[in-house]
Amino acid sequence: MDLNTAANALRELGHPTRLSVYRELVRAGHDGLPVGVLQKRLGIPPSTLSHHISALMSAGLVSQERQSRTLFCKPCYVQLEQLMAFLTEECCAGGSCSLSTVTTHEETSL
């Protein structure tokens, strides 16, 4: 993932409503959710939800699939994994720790 793609994804996730939409889709899993169910769960007007879904789709974080009359939104886990890898790929590159050391330290402090 390049810097501009990561910045775009982070910009879209930086909006509270879009982050709520994305988290709800991730919570639903690979099958995603029908747009109507997503709208009811979050209490967002349909036109507003459509705008936010469009922004997440443009960043490659969400896809849509029509099944009969129902439009499903699904999280794009590959894009999420690439974003996470981009953010952590040079973890401690200038220091002496490694990502596994950071993770182990965080786990033991819980």
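The values are calculated or read from the model by the stated rules, or taken from the named source; none is laboratory data. What you see is a predicted model; the values in this text were computed from it and never measured. Reconstructed Cβ throughout: ideal geometry from the backbone, glycine too, with neighbour counts over all protein chains shown. Only protein heavy atoms, including side chains, enter the accessible area calculation; ligands, DNA and RNA are left aside. Shrake-Rupley method; radii C 1.70, N 1.55, O 1.52, S 1.80 Å.
Miscellaneous remarks
- Taking label points 7 Å from Cα along the Cα-to-Cβ direction, Leu3 and Asp31 give a separation of 4.3 nm.
- Label assignment, Cα extents along the principal axes in Å derived from the structure, set (1) 81, 33, 20; (2) 54, 32, 24; (3) 67, 49, 28: (2)
- Charge tally in the Cβ shell below 14 Å around Leu38, where Lys, Arg are +1 and Asp, Glu are -1, Leu38 excluded: +3
- The simple Förster model, with R0 at 35 Å and r as the Cβ-Cβ distance, assigns Arg66 and His15 a FRET efficiency of 0.85.
- In segment 3-88, Cα pairs under 8 Å separated by at least six residues give a relative contact order of 34 percent.
- Per residue accessible area in Å² of segment 3-88, where ligands, DNA and RNA are left out and the probe is 1.4 Å: 57
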